[in-house]
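Some notes on the structure that comes next.
The values are calculated or read from the model by the stated rules, or taken from the named source; none is laboratory data. These numbers were taken from a predicted model, which means no experiment stands behind them. Using ideal geometry, Cβ is built from the backbone for each residue, glycine included, and neighbour counts are taken over all protein chains shown. Only protein heavy atoms, including side chains, enter the accessible area calculation; ligands, DNA and RNA are left aside. Shrake-Rupley method; radii C 1.70, N 1.55, O 1.52, S 1.80 Å.
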Amino acid sequence: NTVAIVMANPIASEMAKDFGVTPRKTASILDTFSCIFQGVLPYGAQILVALSVVNTLGYELTAFQVIRNLFYPMMLLISSLIFIFFIPEKKNKA
């Protein structure tokens, strides 16, 4: 996740300035979406760890069998999109 955030930060910073998004919200969006995509990649760390644990327990499972049951990344994606598009950012009085 850290590498993805570091690589995407210059582009995200520029886009945030163009659209008036605060640096705090930009960092939050970068972190959240890197977690979402890392969680659903068939070769991502989370899937590989889950598959190795299942294999250690003596079961056979493929990454594509796991992906259809990834409720947390999907709910994180849906809630993130709702907060981005439908809930306005709070303005500080400072």
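Hey, can you tell me all the residues within segment 1-53 that are open to solvent by 90 Å² or more (accessible area, probe 1.4 Å), charged (D, E, K, R) and under 18 Å from ILE87 (Cβ atoms)?
ARG24
If SER80 satisfies every condition in (1) over 17 Å from ILE5 (Cβ atoms); (2) at pLDDT 90 or above; (3) surrounded by 13 or more Cβ atoms within 10 Å (Cβ to Cβ) but one, which is the exception?
(1)
Given the options ASN55, ASN69, ASN92, name the one that is at pLDDT 90 or above and out of contact with any Gly (no Cβ under 7 Å at 6 or more places or on another chain).
Being at pLDDT 90 or above and out of contact with any Gly (no Cβ under 7 Å at 6 or more places or on another chain) holds for just one of ASN55, ASN69, ASN92, which is ASN55.
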